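The values are calculated or read from the model by the stated rules, or taken from the named source; none is laboratory data. These figures come from a predicted structure and were not determined experimentally. Cβ sites come from the backbone with ideal geometry, for glycine too, and all protein chains shown count toward neighbours.
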Amino acid sequence: MAAVTRLVLIGPPGAETAEAADRLAGGLGLPSISNRDAVQSAVRAGSELGDDVRRFMDAEQAPPLKLVAAIVQRRLGEPDAVNGFVYWTESPVPPLPRSLETLGIRVVELVLSDAEATRRLTGRRTCRSCGKTWHVESSPTLIEGVCDRCGSELFHRDDDIPAAVADRLSVYHKHSAPVLAHYRAAGLLIRVDATRPTEEITTELTNRLGRS
């Protein structure tokens with residue numbers, strides 16, 4: 001199953017897609033690549049695509065998804081990704097180049113209900129000092145509103161308030177639905193229950209990919 005090393009993880013906000021990708025990539029000895037990493041790399045390199053992104057950044061505008069997709073495709077072709085990669089994305093999901101299908105790509109959907117995603121995100125509290133994230137239900141602090149690690153104040157991030165979470169999920173579904181539908185029809189989609197701990201998710205994926 002060595003050919004199945006080019007993986008794309010797609011999950012909604014709250015699915016801990018980045019953590020799952022990093023853990024899976026580490027276990028497989030592959031680079032973990034995200035939209036942000038690819039874009040930042042292109043900007044630092046001063047490439048033509050990077051310069052295009054910089055113009056949007058300077059204007060405080062989000063770059064078009066087609067531009068992000070082009071940068072991602074370029075990044076996935078770099079030397080460290082020749083033998084495979086774990087590319088992850090959540091919101092928004094750029095259109096994936098169809099050329100990736102010829103590389104033996106498999107798409108993994110981390111399945112999480114909107115209700116569970118909302119519970120996870122709206123319950124998060126972040127320390128203003130050390131940046132550690134807590135949760136009012138699953139990982140509460142001993143004193144409400146105070147970080148156990150450093151004793152600083154916790155705050156509710158603007159993108160974790162209910163209205164913002166609802167908007168983030170709406171954007172995710174809008175952009176992910178056509179991508180997931182395409183790869184489902186092509187028989188290249190693996191769906192995984194993302195309500196479980198990340199370790200269980202990555203263990204299942206590793207086993208299903210024949211890399212145990």
Exercise. Those residues that are small (G, A, S), in contact (Cβ under 8 Å) with a residue 60 or more places away in the chain and either closer than 22 Å to R184 by Cα or surrounded by fewer than 20 Cβ atoms within 10 Å (Cβ to Cβ) (or both), I need them from segment 9-35; list them, please.
Key: G11, A15, A18, A20, A21, G27
Practice problem: For E60, indicate whether it is among the acidic types (D, E), without any contact (Cβ under 8 Å) to a residue 12 or more places away in the chain and on the phi > 0 side of the Ramachandran plot. | Solution: yes
Quiz item: Just wondering, is there one or more residues in segment 91-104 that are in a helix (DSSP H, G or I), of a type in the set (G, A, S), in contact (Cβ under 8 Å) with a residue 60 or more places away in the chain and within 27 Å of T206 (Cβ to Cβ)?
Solution: no
Exercise. Determine if segment 180-196 includes at least one residue that is of a type in the set (S, T, Y), touching a residue at least 12 places away in the same chain (Cβ under 8 Å), within 30 Å of P140 (Cα to Cα) and not in a helix (DSSP H, G or I).
Key: yes
Quiz item: Yes or no: F56 hydrophobic (A, V, I, L, M, F, W, C) and over 19 Å from the mean Cα position of the chain (by Cα)?
Solution: yes
Quiz item: Can you spot a residue in segment 105-122 that is in a loop (DSSP other than H, G, I, E, B), modelled with pLDDT under 95, in contact with a Phe, Trp or Tyr (Cβ under 7 Å, 6 or more places away or on another chain) and of a type outside the set (K, R)?
Solution: no
Quiz prompt | Residue that is surrounded by the most Cβ atoms within 10 Å (Cβ to Cβ), among those in segment 111-156 that are hydroxyl-bearing (S, T, Y) and touching a Lys or Arg at 6+ places or on another chain (Cβ under 6 Å) | solution = T126
Practice problem: Please enumerate the residues belonging to segment 134-162 that are out of contact with any Phe, Trp or Tyr (no Cβ under 9 Å at 6 or more places or on another chain) and part of a strand (DSSP E or B). | Solution: W134, H135, S139, V146, E153, F155
Quiz item: Is it the case that V39 is in a helix (DSSP H, G or I), free of Cβ contacts under 8 Å to residues at least 24 places away in the same chain and out of contact with any Cys (no Cβ under 9 Å at 6 or more places or on another chain)?
Solution: no
Quiz item: Among the residues of segment 59-84, which ones are under 21 Å from the mean Cα position of the chain (by Cα) and charged (D, E, K, R)?
Solution: K66, R74, R75, E78, D80
Practice problem: Could you please find all residues in segment 53-96 being loosely packed, with under 13 Cβ neighbours inside 10 Å and under 23 Å from G14 (Cα atoms)? | Solution: A62
Quiz item: Quick one: in segment 70-90, which of the residues that are outside any helix (DSSP H, G or I) and among the charged types (D, E, K, R) is modelled with the lowest pLDDT?
Solution: E90
Practice problem: State whether the residues of segment 73-82 include one that is in contact with a Phe, Trp or Tyr (Cβ under 7 Å, 6 or more places away or on another chain) and in contact (Cβ under 8 Å) with a residue 40 or more places away in the chain. | Solution: yes
